[in-house]
1. Among (1) under 19 Å from Asp127 (Cα atoms); (2) in contact (Cβ under 8 Å) with a residue 24 or more places away in the chain; (3) part of a helix (DSSP H, G or I), where does Ala27 come up short?
2. Can you pull out the residues in region 97-106 that are of a type outside the set (A, V, I, L, M, F, W, C) and over 13 Å from Leu7 (Cα atoms)?
3. Kindly list, by first and then second residue, each pair from a residue in region 64-86 that is closer than 13 Å to Leu6 by Cβ to a residue that is charged (D, E, K, R) and surrounded by 14 or more Cβ atoms within 10 Å (Cβ to Cβ), limited to pairs with Cβ atoms under 9 Å and residues at least 6 apart or on different chains.
4. Which count do you get for residues in region 1-32 that are polar (S, T, N, Q), surrounded by fewer than 21 Cβ atoms within 10 Å (Cβ to Cβ) and within 17 Å of Ala101 (Cβ to Cβ)?
5. Take the residues of region 83-129 that are in a loop (DSSP other than H, G, I, E, B) and among the small types (Gly, Ala, Ser): which is nearest to Ile11 (Cα to Cα)?
6. Quick check: is even one residue across region 33-43 part of a helix (DSSP H, G or I), surrounded by fewer than 13 Cβ atoms within 10 Å (Cβ to Cβ) and at negative phi?
7. If we scan region 66-78, do we find a residue that is exposed (fewer than 13 other Cβ atoms within 10 Å of the Cβ) and either assigned to a strand (DSSP E or B) or among the polar types (S, T, N, Q) (or both)?
Amino acid sequence: MSGKYLLDTNIVIALFAEDPSVQKHIAKAGEIFIPSTVIGELFFGAFKSGRPKENTARIESFAIANTVLASDIGTSREYGRIKDLLHKKGHPIPENDIWIAALAIEHGLTLVSRDEHFKKIDGLKRDEW
């Protein structure tokens, strides 16, 4: 199962919760990448949690230990293309998820998520752990 994967927020949360399925797949994966958007979503959850200091420290450690991909002009182009196609189909999905999908497509990565709405994006390689 060696490959290049981009992890969605729900997969990182499952990893933090020591989900055995996610841990098993991570151990077999070739390369793992984290979208900067996911880091932002994690920080949002941390700041509204009952333990913001501990949770933000965990996220910072996680981000330092992994390759975080930021959006650039290529990502922005993919975002616009994806959003336009979803709009034409009448199938909107959350904005942050469009950015995450755009990063996956731009870099030729398989997006790992448990969110079904990613199936609506043509050309997106996805997996569910």
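Values quoted throughout were computed directly from the atomic coordinates according to the rules given, and no laboratory measurement underlies them. No experiment lies behind these values; they were computed from the predicted model shown. FYI the Cβ positions are ideal-geometry reconstructions off the backbone, even for glycines, and counts take in every protein chain you see.
1. (2)
2. Going residue by residue through region 97-106, those that are of a type outside the set (A, V, I, L, M, F, W, C) are 97, 106.
The one that is of a type outside the set (A, V, I, L, M, F, W, C) and over 13 Å from Leu7 (Cα atoms): Glu106.
3. These pairs meet every condition: Leu69/Glu106; Ser71/Glu106; Thr75/Glu106; Glu78/Glu106.
4. First, pick out the residues of region 1-32 that are polar (S, T, N, Q): 2, 9-10, 21, 23.
Keeping just the survivors that are surrounded by fewer than 21 Cβ atoms within 10 Å (Cβ to Cβ) gives 2, 10, 21, 23.
Within this subset, residues satisfying the condition of being within 17 Å of Ala101 (Cβ to Cβ) are 10.
Number of matching residues: 1.
5. Our first condition is that a residue be in a loop (DSSP other than H, G, I, E, B); within region 83-129, this holds for 90-94, 108-109, 113-115, 121-125, 128-129.
Narrowing further to those that are among the small types (Gly, Ala, Ser): 90, 108, 113, 123.
Working: Gly90: 27, Gly108: 19, Ser113: 6, Gly123: 21 Å.
So the residue we want is Ser113.
6. Step one: of region 33-43, the residues part of a helix (DSSP H, G or I) are 36-43.
Retained after the next criterion (residues that are surrounded by fewer than 13 Cβ atoms within 10 Å (Cβ to Cβ)): none.
There is no residue in region 33-43 that is part of a helix (DSSP H, G or I), surrounded by fewer than 13 Cβ atoms within 10 Å (Cβ to Cβ) and at negative phi.
7. Yes: one or more hits.
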